[in-house]
Every structure is written in C-alpha cells, then in structure tokens.
There are 2 protein chains.
Amino acid sequence: MSETAWEIEKAAHILKLLGDKTRLTIVAILKQRECCVCELLEVFNMSQPSVSQHLRKLKDAGLIKEERRGQWIYYSLHPQNKEYDLMEAILQHIPDQTENIRRIEETNPTLRCGC
Amino acid sequence: MSETAWEIEKAAHILKLLGDKTRLTIVAILKQRECCVCELLEVFNMSQPSVSQHLRKLKDAGLIKEERRGQWIYYSLHPQNKEYDLMEAILQHIPDQTENIRRIEETNPTLRCGC
DNA sequence: GCTTTATATAAGTATATGCTTATATGATTA
DNA sequence: TAATCATATAAGCATATACTTATATAAAGC
C-alpha cells in the first residue's frame, strides 16, 4: 500500500474513533483536565465498563495515556503521539467543556481520599 | 438537549462520516477537483452503487453538493455549509490527492462527450 | 488476610454500517 | 421510441459497533 493510502487509513481511523459522541466529549474534557474513570462516569449516562471500553480504544490509538495513582487511573491527552495534530485541529472546533468539568468537581467522586 | 451537547452531536456526526477511508478520500479529491461518479469509480475498487451511497451520505450531511450537467452529476465540496470549517480543518491533515486525480484524468471516463 | 473501592476484561446482544446484486430513473442518441 | 449510458434506490447480508451484565484484577483500609 502506498504511503498516501496508509496516511488516509490512519486519519480515517482517528476520525472514526472521534466520531462517537461519548469519545469526542471525553477527549474534549481531557483537553481541559485529566480525569479518572469515576469522574468521567459523572458526565455520561452509561455503565462503568462502557466508559472504560471507550477509554481503551482511545488509548490503543495513542490519543490518550493513563497513569495509575494509587487506586485511581488518571487519563489525559497524549501530545507526543503522531496523530495528535489532527485531534488538536478537531478539538478547536468542539465546544468548551467547563460545564461538564463543573459537574465533576461538584460531585467530586474521588473526595474520600482527599487528594 | 443543551446547545453544547447538540454541537458535539453534530461534530461527531461529521467525524463519523469522514471516519471512513472511502468517504475521506472522496472529499479530499473533491477539494482539488469536482468529479462525477464514473470518475470516482476509477479510484475505488468497489461497485457504482457503493460510491453513490457514500456520496449520498456526504450530501445529506451538507458537506458536498451535486450539480447535474447533462448525463453526468458533478459533485463538489459545499463551503456554504455550517460544518464546512470542521471538514476544512481535517482536510489540511490529509495527503494531497494529485495521484488519484492523475489516474482519473488518464482514464478520462467522460471522454465520449468531449466535455 | 478480608472487605471495599476503582477499574478492566469477557461474553452476549441489538443495531448500525458498508458492501453486494438487482432494478428504477433520467438524460442522450440512433 | 427504442437502446444506451450515468446514476440512484432497494433489498439482502456479513461484519462492526456500542451497549449491557457478570466477573476478574489490583490497590487501600480495617
């Protein structure tokens, strides 16, 4: 396969991943604030495994990274990635997520440990 | 639904549409040159109805427009559309399609009429 | 070490998607 | 007006996707 065809393939894969409302919202939130799964759960009306599966796909594509801190696994964007530029360009056209982040911080699911 | 949620929904829909290798290549080609279906058929290894169905989806989303000229229906990008900015930003990260266009012009499927 | 909390993985399922072939529509030409 | 060419639509089908519930793993606290 030609280099061009391969680049199109990779870009299409990124676009397909971000072409899901939940995943698009996740990366838009992570652009403003790293989050663990239980925090993202406050935003979405779905089960924990479902959110974890979306995070897995984004991680497999290299768009986000994870970092375990004690009990929690924190997710954030992964700017070193080669496909990051495309995602960044897209995110500039996605509305601000301050409202969702406010909801996370009001509920504060990680309150118990005080961190 | 909030305005933000609706905007995310619309953006996700555009990204899902462009998250297909065939459709992404189509809009990348159309950015450089308007084409009719029989021209695009030279590029893709699939049936005519399949290409038509991809074009239909892009048209329904307002990303491309069609213009009948005699027997042929020419497709091109539709910059007046509200979602065009997002697509434009994406297309800046997609490789040049001159090679595919060369293939179209070599074969020249609309040769018969001389236009 | 047992329980709880956070998260991941597995398995199942309904729906969406992208292709195919067959057929319809619409313009051109003989 | 019959035949041809370009394109669209319909129907069918195999695979992909996004969820669910059930279960596994891994860290923290008693």
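The values are calculated or read from the model by the stated rules, or taken from the named source; none is laboratory data. Here the structure is a predicted model, which means the values were calculated and not measured. Cβ atoms come from the backbone with ideal geometry, glycine included; neighbour counts cover every protein chain shown. Just so you know, the surface numbers come from the protein's heavy atoms only, side chains and all, with ligands and any DNA or RNA stripped out. Shrake-Rupley method; radii C 1.70, N 1.55, O 1.52, S 1.80 Å.
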*Taking the label point 7 Å from Cα in the Cβ direction, how far apart in nm is residue B:59 from each other copy of itself, listed shortest first?*
4.4
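Could you check how much of the accessible area of region B:3-113 is carbon and sulfur, as a whole percent, using a 1.4 Å probe?
Of all accessible area on region B:3-113, carbon and sulfur atoms account for 45 percent.
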*Computed Rg/Rh of chain A, alpha carbon atoms with Kirkwood Rh*: 1.00
_Calculated FRET efficiency for the pair residue B:10/residue A:68, C-beta based, R₀ 25 Å, to 0.05_ = 0.10
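Which pairs, out of A:65/B:16; A:21/B:16; A:16/A:57, put more than 19 Å between their alpha-carbon atoms?
Over 19 Å apart, Cα to Cα: A:65/B:16.
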*What gaps in nm, shortest first, separate residue A:10 from its twins in the other copies when you place the label 7 Å past Cα toward the beta carbon?*
3.2
*asked:* I need the inter-copy label distances for residue B:109: point set 7 Å along Cα to C-beta, values in nm with one decimal, smallest first.
replied: 4.9
_Projected label distance in nm at residue B:42 and residue A:53, using a 7 Å step from Cα toward the beta-carbon_ = 4.4 nm
*Excluding ligands, DNA and RNA, what is the solvent-accessible area per residue of the protein assembly as shown at a probe of 1.4 Å, expressed in Å²?*
54 Å²
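For the protein assembly as shown, which semi-axes, largest first and in whole Å, follow from the square roots of 5 times the eigenvalues of its Cα gyration tensor?
41, 18, 13
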*When the accessible area of each residue in region A:1-50 is compared between its chain alone and the complete protein assembly (1.4 Å probe; ligands, DNA and RNA ignored), which residues differ by at least 20 Å², being lower in the assembly?*
A:4, A:7, A:8, A:9, A:11, A:12, A:15, A:16, A:19, A:21, A:24
*Which value at 222 nm does chain A reach when only helices count, each DSSP H run of 4 or more adding -39,500 (n - 2.57), with the total divided by all residues and rounded to the nearest 500 deg cm²/dmol?*
-16500 deg cm²/dmol
